[in-house]
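Here is the structure we will look at, set down as structure tokens.
The values are calculated or read from the model by the stated rules, or taken from the named source; none is laboratory data. Predicted, not measured: the structure shown is a model, and the values here were computed from it. A quick note on method: Cβ atoms are made from the backbone with ideal geometry, for glycine too, and the neighbour counts reach across all protein chains shown. SASA here: full protein model, heavy atoms, side chains in, ligands and nucleic acids out. Shrake-Rupley method; radii C 1.70, N 1.55, O 1.52, S 1.80 Å.
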Amino acid sequence: MDFDNLCVFWSFGMHIFKDSLMMEKWLLFNLPGSTETSLKTVLVVSDGLGDHPIPSLRGKTPLEAARTPTLDKLADEGTTGLVHVIAPGIPPGSDAGHLALLGYDPKSCYTGRGAFEALGAGISLQPTDIAFRGNFATVQSTRGKELRILDRRAGRHVPEGDELAKLVNRLSLPSSPDIEVIVKRTAEHRCVVILRGANLSQKIGDTDSHSRSDYVQKSIPLDSSEAAQYTASVVNELTREFHRILSASPINAERRKSDLPEANIVLLRGAGTLPEISSLKDLYGIRAACVAGGALYKGVARSVGMDILPVPGATAGYDTNAEAKAKAAAKTLSKHDFVFLHFKPTDSAAHDKNPQKKIEMTEKLDHLLSTLQSAIDRENTLIAITSDHSTSSLTGKHIGDPVPLLINGPRVRNDVVTRFSERACANGGLGHIVGKDLMPILMNYVGRTPKYGA
Ligand code: ZN
Ligand code: ZN
């Protein structure tokens with residue numbers, strides 16, 4: 001290890017590596033040869049769990065207002081802290097937030113959301129592929145030949161989505177016949193779109209207006225490279241082809257007849273490429289698995305080499321089968337060293353600006369943990385519970401406030417905190433950490449973080 005090249009600085013009471021690639025290299029070359037332990041780890045991420053104090057809850061956050069006996073007991077017996085997932089004050093996106101919680105520095109390895117959605121949808125990406133998130137949408141041609149957006153989501157309910165995706169999957173672009181176009185529907189009105197071919201760049205703008213404009217946007221190059229200019233022109237031609245083919249489809253004739261908005265275009269956003277990162281197996285020697293409902297989380301998990309467990313009833317909605325997820329996570333610990341369990345509804349309730357729903361979903365999380373802890377071998381399992389960001393039930397948006405963290409397990413020092421909440425965890429034994437420091441902390445408890453120095 002070259003000490004001159006290592007930059008450490010004092011931040012939030014602990015040393016952290018300034019350069020995550022350096023951190024990755026250090027881990028790769030110093031992985032313990034034989035692990036001294038067979039301790040297992042479960043990391044539960046409740047999406048958007050932190051919140052603002054809510055006036056209608058008399059200044060409590062939904063987490064403080066919820067009845068959470070299991071979370072409180074785990075916090076009481078374990079250690080706690082606050083996590084600034086990306087950095088203090090930065091509101092994280094879910095993809096970047098999860099990368100950070102899994103030990104990667106999103107500032108150096110985040111390559112756009114589209115790639116994670118595609119991986120989560122089960123598509124194997126090649127390093128030069130450009131992946132987008134897509135929406136089937138409703139547009140209308142105007143005299144100026146611009147396409148006016150009538151509904152960004154084509155009414156949200158698009159049961160013919162699979163058939164529509166087939167119509168445009170593998171379509172041939174007149175000006176770029178050597179570019180392969182892959183379209184796969186994921187859920188409702190959503191799909192993923194992959195461009196495969198030479199000289200493509202992810203540095204291009206979206207065609208989705210994100211409700212900021214009434215018109216389909218022209219994709220523009222975001223840097224001066226030829227590849228970006230070329231890719232933007234490919235995307236604009238592709239958008240015209242989407243509209244031409246989908247408008248002529250009998251499916252849309254039927255939707256018109258039934259007074260449903262036509263799904264006559266695919267709007268694209270979040271261009272991304274496969275991130276070049278080492279797997280958790282390479283970094284820590286662990287076999288890791290993921291239990292999640294949403295494609296994005298499965299995609300992030302796949303990008304770091306996790307096995308994705310199919311769990312019936314596990315969705316990203318309020319109706320997700322929390323019991324089934326907990327049981328599946330516990331069961332797979334016989335085959336895996338590390339399980340990442342994702343719970344989405346806490347974030348959704350905050351996006352819906354519904355603090356009461358968030359309380360209800362936080363209590364559902366508590367039941368999940370009750371099932372989980374009685375299904376695992378507590379003597380030999382570390383449980384960590386945190387979130388990828390705070391989401392405000394007041395504004396409906398992700399915010400940069402830190403999230404609570406608790407770690408409970410056989411070798412964990414006990415701190416003075418007896419409850420699991422944003423306020424209580426501010427007094428925790430772990431203090432304040434940044435997201436990418438969580439994995440080394442967890443792996444230290446299970447004897448898998450290598451020694452630094454001689
Ligand atoms: Zn999230
Ligand atoms: Zn969110």
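I need the phi-derived Karplus couplings for region 73-83: 6.51 cos²θ - 1.76 cosθ + 1.60, θ = phi - 60°, integer Hz, Gly and Pro marked x.
Using θ = phi - 60°, the values come out as 5, 5, 5, 4, 7, x, 10, 9, x, 10, 10 Hz.
Beyond 21 Å, what share of the Cα-Cα pairs of region 89-220 remains, rounded to the nearest whole percent?
Taking all Cα-Cα pairs of region 89-220, the fraction more than 21 Å apart is 50 percent.
Rounded to the nearest 5, what is the percent of antiparallel bridges among the DSSP beta bridges in region 130-272?
DSSP beta bridges in region 130-272 are roughly 100 percent antiparallel.
Relative contact order of the chain: what whole-number percent is it, with Cα pairs under 8 angstrom and at least 6 residues apart? All intermediate terms of the calculation are to be shown ahead of the outcome.
Working: 1068 pairs, mean separation 141.6, N = 454.
Reported as a whole number, the value is 31 percent.
Averaged per residue, what accessible area in Å² does the chain show with a 1.4 Å probe, protein chains only? Walk me through the intermediate numbers first.
Working: 19450 Å² over 454 residues.
For the chain, the per-residue accessible area is 43 Å².
Once the convex hull of the alpha carbons of region 62-103 is built, what does its volume come to per residue, in cubic angstrom?
That works out to 114 Å³ per residue.
Helix-derived [θ] at 222 nm for the chain: sum -39500 (n - 2.57) over DSSP H runs of at least 4, divide by residue count, nearest 500?
-9000 deg cm²/dmol
Given 10 Å bins starting at zero, what is the percent of C-alpha pairs of region 168-240 in each, up to the one with the largest pair distance?
Here the calculated profile for region 168-240 is 19, 48, 30, 2.
Report the full-extension gain for the segment Arg170 to Lys257: residue separation times 0.36 nm, less the Cα-Cα distance, to one decimal in nm.
28.5 nm
Taking amide H atoms as placed 1.01 Å from N in the peptide plane, list the residues 5 or more away in sequence, or in a different chain, whose amide H sits under 5 Å from that of Lys40.
Distant-sequence amide H within range of Lys40: Thr381, Leu382.
Assigning unit charges at the beta carbon (Lys, Arg +1; Asp, Glu -1) and nothing else, what dipole magnitude in debye, to the nearest 20, does region 49-150 show about its Cα centre?
That gives region 49-150 a dipole magnitude of about 580 debye.
Over the Cα atoms of region 315-454, what radius of gyration and what Dmax do you get, in Å?
16.1, 53
In degrees, nearest 10, range 0 to 90: what is the angle between the Cα axis of helix 20-30 and the longest Cα principal axis of the chain?
Roughly 60 degrees between the two axes.
What percent does the relative contact order of region 39-162 come to when contacts are Cα pairs within less than 8 Å and at least six residues apart?
For region 39-162, the relative contact order is 10 percent.
Please report, to one decimal in angstroms, the Kirkwood hydrodynamic radius of the chain built from all distinct Cα-Cα pairs.
It is 23.2 Å.
Give the residue list of chymotrypsin sites (Phe, Trp or Tyr not before Pro) in region 337-439 that are DSSP loop and have at most 11 other beta-carbon atoms within 10 angstrom.
Within region 337-439, no chymotrypsin sites (Phe, Trp or Tyr not before Pro) qualify (loop, at most 11 other Cβ atoms within 10 Å).
Mind jotting down the distance between the C-alpha centroids of region 256-320 and region 101-133, whole Å?
Here the answer is 10 Å between Cα centres.
DSSP beta bridges in the chain, what fraction antiparallel, as a percent rounded to 5? Walk me through the intermediate numbers first.
Details: 41 of 64 bridges.
Restricted to the chain, the bridges split so that about 65 percent are antiparallel.
Counting pairs of alpha carbon atoms under 8 Å apart in space and at least six apart in sequence, what relative contact order in percent does region 130-272 give? Before the final figure, lay out each step's value.
Numbers: 296 pairs, mean separation 46.4, N = 143.
Contact order relative to length: 32 percent.
Given a Förster distance of 60 angstrom, what is the FRET efficiency for Arg148 paired with Ala454, based on the Cβ-Cβ distance and rounded to 0.05?
The pair Arg148/Ala454 has a calculated efficiency of 0.35.
For region 374-452 and region 146-169, write down the distance between their C-alpha centroids in whole Å.
When both Cα centres are located, 41 Å separates them.
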